[in-house]
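For reference, the structure is listed below as structure tokens.
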Amino acid sequence: MSRPLPLLLLALGLAAAAKSPYQQVLQHSRLRGRQHGPNVCAVQKLIGTNRKYFTNCKQWYQRKICGKSTVISYECCPGYEKVPGEKGCPAALPLSNIYETLGVVGSSTTQLYSDRSNLRPEIEGPGSFTIFAPSNEAWAALSAETLDSLVSNVNIELLNALRYHMVDKRVLTDDLKHGTTLNSMYQNLPIQIHHYPNGIVTVNCARLLKADHHATNGVVHVIDKVIATTTNTIQQVIETEDSLETLRTAVAASDLSSLLESEGQYTLLAPTNEAFEKIPRETLNRILGDPEALRDLLNHHILKSAMCAEAIIAGLTMETLEGTTLDVGCSGEELTLNGKPIIANKDVLATNGVVHFVNELLIPDSAKTVFELAQESEVSKSTDLFRQAGLSSHLTGSERVTLLAPVNNVFKDGLPVIDSNMRNLLLNHIVKDQLSSKYLYHGQKLQTLGDKELRVFVYRNNLCIENACIAAHDKRGRFGTLFSVDKMLTPPTGSVMDVLKADHRFSTLVAAIQSAGLTEILNRPGTFTVFAPTNEAFQAMPQGEFSKLHGNAKELANILKFHVADEILVSGAVNALVRLKSMQGDKLEVSMKNNVIHINKEPVAESDIMATNGVIYAVNSVLQPQASRPQERGDEPADPALEIFKQASALSKVSQRNPRLAPVYSRILARMKENSG
């Protein structure tokens, strides 16, 4: 019985979805090459090299591999060949034994060495084998010493080397699963397979160049290196390499040896002795003497999966055992970490992963002091300020603190002079306890080393501590956390009334508040935002108006209440238009224009004057409430129909003739005449 069409389409779709990454990339290369004829694949070639890659969609448009430009060439897809006089590659390669196939697919040197090592009869005869055949260029890249040792020892070493490249069954790319091993035909020693999402397949970190060439007795895959046996774990690699002596000591002190000996697939970015020597001795001793910091440091150098260098053709983010991420990329032939070409030796294979030697130590935030975090961030000028004030000891030891560090742009005109007042202010930028911004909540109180209490304000678009808002993701160090903030923090020094009385600009306002009987309100605990008219604002009022207002306590109180909202709004919370309800009842509109706060479209002279019960904005005009609107008559409800008729340009003759609508129309018309009279 035939399968229903929808189910057939579904089955075909699932089959397509199940293609391996390599096959998907190959399919994309076929699509890009089809205009040149059947079975033609588009291949990207690195300019100035012989390195070629089947192209995926992203690479096709970028035309780059490892940041270097490529050219597109069109070649026969694996398993096909040209026919003179015909377009494309219409003919399948002749099916022959593995020995003959080696010569056809660009691995004639492997063919030659198979003959010399007496492997030829086996790969010409019956059976089912897979051979990962090094390309001619791969053999040529071996040192003369290595090659001589292979071919001069009565061919035994050469035969063993070749049999290590073989598996005694047919294995196609779809069978080459990521992280698996195959038993080779040399003492069943394992061959490590990695099949990456970008379509690259590696065999002991050698890249598959041409895959799935069928033979009568198996399959041939061409690879870009001669692979060697490996029997050492990552831990054993560390123990046998002289250049990793310091790392060896650190691993032993952190109890990570068992992990690096265990089964799994890891990538160790192994810092060399040189890498450790580049770190200031004081910093290195601190980390080596702190078991938790040391463990974080080492885990930051271990990736959760094996990553061979050949698999990296563009930048990607890799997760470490510490839970952090590293940007692993490449620039030409060099691997990069976080954008820096610091990998000295790559693809040292182990039974449980791969080791890359790095010549710089990668210190995670979790192993750094707050001072070190700040020095490497956009708050480096703040560190100079704290150092000059003699406060470095709070930021370099084991004291649990959170540093509120203004970003460098705050000091574009230079650092302030350090005196006793500035030192006290800086102490109030250091909060007792190691905090995380994601756990802060609105109204939370924070205690500083300067014995001040700071408030947390959570807004839709910002998170602020007093007048300073957090400008970047916090960085959490070993004992302290760094909050980068957008301005110098100004802790409150008194109530709204205290602040107004202490500022000579507001003497007229203070007198008005007292006359209106509002002093007690602005002295009590609360959350006020006050738009405070300066003396200049009152002087700008029309002549006699202020005197008239001052003589009417009720009206004066009404005007003053219009300048006060019962919630705290600091300037960092104003992105678009923010509406506040004043104590008078009308709305206040706060907006930002050209980096200046405006209240009811009037520019603010000074923002964020902090008080213990609110925040004050200085304004150079007296704000006026909206004029009172005429009240609706209270003896009858408003008639929507009446409003409609008021706006109508003509009356409907149909409604006048309709017996049911005529009485309604007559009543509405009479009411309109009455109102107009």
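Some values worked out for this structure:
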read-out: Most to least packed among 226-232, 525-531, 615-621 [average Cβ atoms within 10 Å]; value: 615-621, 525-531, 226-232
read-out: Within segment 491-596: Cβ-based charge dipole about Cα centre, in debye rounded to nearest 20 (Lys, Arg +1; Asp, Glu -1); value: 120 debye
read-out: Span per principal axis, largest first, for the Cα atoms of segment 450-514 (Å); value: 52, 29, 16
read-out: Ellipticity estimate at 222 nm from DSSP helix runs (n ≥ 4, -39,500 (n - 2.57)) divided over the chain, nearest 500; value: -8500 deg cm²/dmol
read-out: Mean Kyte hydropathy of -1.0 or more with a Cα span along the axis of at least 20 Å, helices from DSSP in the chain; value: 662-676
read-out: Positive minus negative residues near residue 298 (Lys, Arg vs Asp, Glu; Cβ under 13 Å); value: -3
read-out: Relative contact order computed over segment 352-500 (Cα-Cα under 8 Å; 6+ residues apart), in percent; value: 27 percent
read-out: Per-residue SASA entry for residue 241, accessible area with 1.4 Å probe, Å² rounded to 10; value: 60 Å²
read-out: Percent antiparallel among DSSP beta bridges (both partners in the chain, rounded to 5); value: 75 percent
read-out: Rough spin-label spacing in nm, given labels placed 7 Å along Cα→Cβ, for residue 445 and residue 231; value: 7.0 nm
read-out: Charge dipole of segment 449-586 about the Cα centre (unit charges at C-beta), most positive-ward option of 461, 571, 472; value: 472
read-out: Where segment 379-496 is the region considered: accessible area per residue in Å², 1.4 Å probe; value: 46 Å²
read-out: Karplus 3J(HN,Hα) series, Hz, for segment 326-342 with 6.51 cos²θ - 1.76 cosθ + 1.60 (x for Gly, Pro); value: 10, 8, 9, x, 8, 9, x, 7, 9, 7, 10, 10, 6, x, 10, x, 10
read-out: Cα-based convex hull, segment 234-366, per residue volume (Å³, whole number); value: 95 Å³
read-out: Distant-in-sequence amide H partners of residue 471 (H built 1.01 Å from N, under 5 Å); value: 484, 485, 486
read-out: 14 Å cut-off, amide nitrogen to a point 7 angstrom out along residue 243 Cα→Cβ, residues in segment 323-367; value: 335, 342-349, 355-361
read-out: Probe 1.4 Å, protein heavy atoms only - accessible area per residue of segment 21-91 in square angstrom; value: 54 Å²
read-out: Radius of gyration, Dmax [segment 482-591; alpha carbons; angstrom]; value: 15.3, 55
read-out: Solvent-accessible area, 1.4 Å probe, carbon plus sulfur percent, for segment 427-535; value: 50 percent
read-out: Integer Hz, Karplus 6.51/-1.76/1.60 couplings in order for segment 190-200, x for Gly and Pro; value: x, 10, 8, 10, 10, 10, 8, x, 7, x, 7
read-out: Highest to lowest packing among 508-516, 176-184, scored as the average C-beta count within 10 Å; value: 508-516, 176-184
read-out: Answer label for Kirkwood radius over Cα pairs in Å (calculated), chosen among (i) 32.6; (ii) 27.1; (iii) 31.7; value: (i)
read-out: Karplus (6.51, -1.76, 1.60) ³J(HN,Hα), θ = phi - 60°, over segment 463-473, in Hz, Gly and Pro reported as x; value: 10, 10, 10, 6, 8, 9, 10, 5, 9, 7, 4
read-out: Pairwise FRET efficiency - residue 378 versus residue 626, Cβ, R0 = 51 Å, nearest 0.05; value: 0.70
read-out: Cut-off 14 Å, label 7 Å out along Cα→Cβ of residue 170, residues of segment 200-221 by amide N; value: 212-221
read-out: Accessible surface ranking that places the most exposed of 60, 139 first, with a 1.4 angstrom probe; value: 60, 139
read-out: Summed residue charge, Cβ within 14 Å of residue 541's Cβ, Lys/Arg positive, Asp/Glu negative; value: -3
read-out: Probe 1.4 Å, protein heavy atoms only - accessible area per residue of segment 234-366 in square angstrom; value: 41 Å²
read-out: Neighbourhood charge, 13 Å Cβ-Cβ cut-off, centred on residue 271 and excluding it, Lys, Arg +1 and Asp, Glu -1; value: -3
read-out: Segment 93-223: C-alpha pair distances exceeding 27 Å, %; value: 12 percent
read-out: Only Lys, Arg (+1) and Asp, Glu (-1) charged, at Cβ; the chain dipole about Cα centre in debye; value: 3160 debye
read-out: Computed accessible area, residue 259, all protein chains, 1.4 angstrom probe, square angstrom; value: 40 Å²
read-out: Solvent-accessible area, 1.4 Å probe, carbon plus sulfur percent, for segment 106-251; value: 48 percent
read-out: For segment 21-91, alpha-carbon Rg relative to the globular expectation (2.2 N^0.38 Å, N residues); value: 1.10
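The values are calculated or read from the model by the stated rules, or taken from the named source; none is laboratory data. The model shown is predicted, which means the values in this text are computed figures rather than measured ones. Backbone-built Cβ (ideal geometry, glycine too); neighbour counts: all protein chains shown. Surface accessibility is based on the protein's heavy atoms, side chains included, excluding ligands, DNA and RNA. Shrake-Rupley method; radii C 1.70, N 1.55, O 1.52, S 1.80 Å.
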